[in-house]
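Colleague: Have a look at this one before I ask anything.
The values are calculated or read from the model by the stated rules, or taken from the named source; none is laboratory data. Everything numeric in this text was worked out from a predicted model, so none of it was measured. Please note: Cβ atoms are built from the backbone with ideal geometry, for glycine as well, and neighbour counts cover all protein chains shown.
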Amino acid sequence: MGTLLQTLNLPEDIAGLEREQLLALAEEVREKIVDSVSVTGGHLSSNLGTVELAVALHRVFHSPTDRLVWDVGHQAYPHKILTGRAHRFDTLRQTDGLSGFLSIFESEHDVFGAGHAGTACSAALGAALARDLLHENRRVVAIVGDGGLTAGMAFEALNHAGQLGRDFLVILNDNSWSISKNVGAMADYLNRIITGQFYNRAKADLESLIGSLPSVGGSMVKMMHAAEEHLKGMIVPGTWFEELGFRYFGPVDGHDLLKLVDTLESIKKLQGPIFLHCITKKGKGYSPAEEAPLKWHGATPFDKVVGKPHKKSPEIAYTDVFAETLVSEAREDDRVCAITAAMATGTGLVKFAEEFPERFFDAGIAEQHAVTVAAGMARGGLKPVVAIYSTFLQRAFDQIVHDVALQNLPVVFAVDRAGLVGADGATHQGVFDMTYLRMIPNMTVLCPSNEAELAGMLKTALAHGGPIAVRYPRVAITGEHEDWLETPPAPIGQAAILREGSGVALLAVGTMVGEALGAAERLMANGLMPWVIDMRSVKPLDRSLLRRLAELKTDIVTLEEHVLAGGFGAAVMEAWEEEGLPPTRMLRLGIQDAFVEHGAREVMLGRLGLDAAGIAESVRGFTHCPVALHPAGLARG
């Protein structure tokens, strides 16, 4: 770690640094990011692009009195380092370490938690309204990436902010547009003039003078505004933001630190909604990331000297199985289409996009639109597959209900990252989807426990006549089914008995099937012979199996890598009651009413009692409990 990061009281001391020291500080921050992420993994290229912006913001504004609202953590690592967390940065995304995203529980400088893109403008506008109603003296800044600006919520916030006219600064961190030298120089020249105090004071005085003229003053002011906007619109792409009610400045070079400081100092003195457009470069300062910014967006641990990830034995993930199966099915049926919300790489759809470009659609960070456009495609006779992470699909709940399920349209939801996701933490844990999906009429919910089941379920889903979700985890496949691509369609509502037993049955879905088998091995050493059942279908459930277990007077233990409230175990209890089955002893194992923070997935499963050892321990205690339970049962997790 460099000397400035070691000696400064951050962020307070940044204001007292000499201008040349700011440049040195930026280089130390960039070096710290590369050093730490090379060990822990994390979001590298986008954070390297915001180093100068973060230093400039903390030089000009005074956090946490001034509110700096960052949009997700992909751009906020420099902010974390500059706000007293440099000494802990090597714990980034590690169990009990720093979060990879913004967290109000981690630092007073993280004024709003953010893991899903597109929220900063709304949250910052709310902070500005709170400031004004409480008569506080503080500035409010939203920093949003060009990806986050594609979210419909961001546009809604900008529209509202322009209408309200409050003091409010939005900074667009644009790391994808390229500005040529000529245009950039002209934009920089206009920016210096427009942000200068003389220009704004003269403009305000002139408006006041003209406005006071009888009968013609108002129309002349409008003409002056129109002329100004027309001139700016010919040279810089800010007219659209001006129409929303913002004063637009930029584009500015997001890596010219000293000029950024000067620009922010000038803008800070202005009133009303302000929009500053900054051009940054992903991976700035680390050549491997500059050359391949997408590859280095989410980096695994790597050798920082040679710029290559540490070698690992290649693993096939469930996402790969989904992608290969979808491509295979699309070759046979030209109605199969794929939709993603800015996650083509993460959801495995890159190969589909390359082979079927006319049938691949990236909606941007706009999950609501992605779901409804899929509904329209289904209504038109296509077979749309919406591939979205479980945590992001939450954002489109109304569209799933109203636009898809209510009309019983055949949209396939490929729900990736179902279950715990490890280092990404609470904002990304896919532990709510069974609850919010199975409650919807017409919806079918399938949960594979291995690669063959995933391939078969996807084939089933594409032939299904209504809305259907196939949820799968962010882990490597079991490796037990080499010919998984040849798996026939999977039956809906039919469980698989993996081990027959007596006395107690372990009913599991998804990743918990493997843990249930491991727990059964441990329990056999204690003289127990549990059933192990892969339920496969969460909605509908295999009710014939439940009736059989009831006839055998079997105790029931449900296992799910999911919240207990409204989840798989709750579904079993409800079905038991609806079938009029006799009261039985029932134990539900899953996640209690709490968010799960980031950490190694294996560690978190152990803490939740959802690994094989924890399950075995819970079952042993349950089987020795003499109390006869109503189907409401017990819940642990």
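Colleague: Does segment 125-140 contain any residue that is crowded, with 17+ Cβ neighbours inside 10 Å, out of contact with any helix residue (DSSP H, G or I) (no Cβ under 7 Å at 6 or more places or on another chain) and of a type in the set (A, V, I, L, M, F, W, C)?
Modeller: yes
Colleague: Sticking with this one: Take segment 57-91 and flag every residue that is among the polar types (S, T, N, Q) and either within 16 Å of GLU108 (Cα to Cα) or surrounded by 24 or more Cβ atoms within 10 Å (Cβ to Cβ) (or both).
Modeller: SER63, THR65, GLN75, THR83
Conditions (1) out of contact with any His (no Cβ under 8 Å at 6 or more places or on another chain); (2) within 23 Å of HIS464 (Cβ to Cβ); (3) of a type outside the set (D, E, K, R), marked per residue:
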position	(1), (2), (3)
HIS310	yes, no, yes
GLU329	yes, yes, no
ASP333	yes, yes, no
ALA338	yes, yes, yes
GLU355	yes, no, no
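Colleague: Now for a different question. Quick one: is ASP110 assigned by TED's automatic domain parsing to the domain that holds GLU18, out of contact with any Pro (no Cβ under 8 Å at 6 or more places or on another chain) and surrounded by fewer than 24 Cβ atoms within 10 Å (Cβ to Cβ)?
Modeller: No.
Colleague: Show me the strands (runs of 3 or more DSSP E) found entirely inside segment 333-437 where at least 3 residues are in the same structural domain as THR150 (by TED's automatic domain parsing), farther than 26 Å from PHE568 by Cβ and basic (Lys, Arg).
Modeller: In segment 333-437, there are no strands (runs of 3 or more DSSP E) which contain 3 or more residues that are in the same structural domain as THR150 (by TED's automatic domain parsing), farther than 26 Å from PHE568 by Cβ and basic (Lys, Arg).
Colleague: So, of the residues in segment 438-448 that are assigned to a loop (DSSP other than H, G, I, E, B) and either β-branched (Val, Ile, Thr) or under 22 Å from the mean Cα position of the chain (by Cα) (or both), which turns out to be surrounded by the most Cβ atoms within 10 Å (Cβ to Cβ)?
Modeller: The selected residue is CYS447.
Colleague: Looking only at segment 362-394, how many residues end up being touching a Cys at 6+ places or on another chain (Cβ under 9 Å) and either surrounded by 19 or more Cβ atoms within 10 Å (Cβ to Cβ) or touching a residue at least 60 places away in the same chain (Cβ under 8 Å) (or both)?
Modeller: So the count comes out to 5.
Colleague: Filter the helices (runs of 4 or more DSSP H) completely within segment 1-83 down to those with at least 3 residues that are among the aliphatic types (A, V, I, L, M) and under 21 Å from GLU291 (Cα atoms).
Modeller: Result: 19-40.
Colleague: Separate question: Test ALA323 against the stated conditions and say whether it is in contact with a Gly (Cβ under 6 Å, 6 or more places away or on another chain), assigned to a helix (DSSP H, G or I) and under 28 Å from VAL386 (Cβ atoms).
Modeller: yes
Per-residue answers, yes or no, for (1) modelled with pLDDT under 95; (2) outside the structural domain of VAL470 (by TED's automatic domain parsing); (3) crowded, with 19+ Cβ neighbours inside 10 Å:
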residue: GLU561; (1), (2), (3): no, yes, yes
residue: ALA570; (1), (2), (3): no, yes, yes
residue: GLY580; (1), (2), (3): no, yes, no
residue: ARG620; (1), (2), (3): yes, yes, no
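Colleague: Can you tell which of SER99, SER107 is hydroxyl-bearing (Ser, Thr, Tyr) and within 22 Å of ALA26 (Cβ to Cβ)?
Modeller: SER107
Colleague: Could I ask something else about it? Consider ALA54 carefully, then state whether it is crowded, with 18+ Cβ neighbours inside 10 Å and out of contact with any strand residue (DSSP E or B) (no Cβ under 8 Å at 6 or more places or on another chain).
Modeller: yes
Colleague: Determine whether ARG588 is closer than 17 Å to ALA496 by Cα and either assigned to a loop (DSSP other than H, G, I, E, B) or in contact with a Leu (Cβ under 7 Å, 6 or more places away or on another chain) (or both).
Modeller: No, not satisfied.
Colleague: For segment 42-98, how many residues meet the condition of being touching a helix residue (DSSP H, G or I) at 6+ places or on another chain (Cβ under 6 Å) and of a type in the set (Lys, Arg)?
Modeller: Summing the residues that are touching a helix residue (DSSP H, G or I) at 6+ places or on another chain (Cβ under 6 Å) and of a type in the set (Lys, Arg) in segment 42-98 gives 3.
Colleague: Working only within segment 610-626, note down all residues that are assigned to a loop (DSSP other than H, G, I, E, B) and either free of Cβ contacts under 8 Å to residues at least 12 places away in the same chain or over 27 Å from GLY42 (Cα atoms) (or both).
Modeller: Listed by number, the residues that qualify are HIS624, CYS625, PRO626.
Colleague: Here are ALA375, ALA366: which of them is aliphatic (A, V, I, L, M), farther than 18 Å from LEU458 by Cβ and modelled with pLDDT under 95?
Modeller: One residue alone meets the criteria, ALA366.
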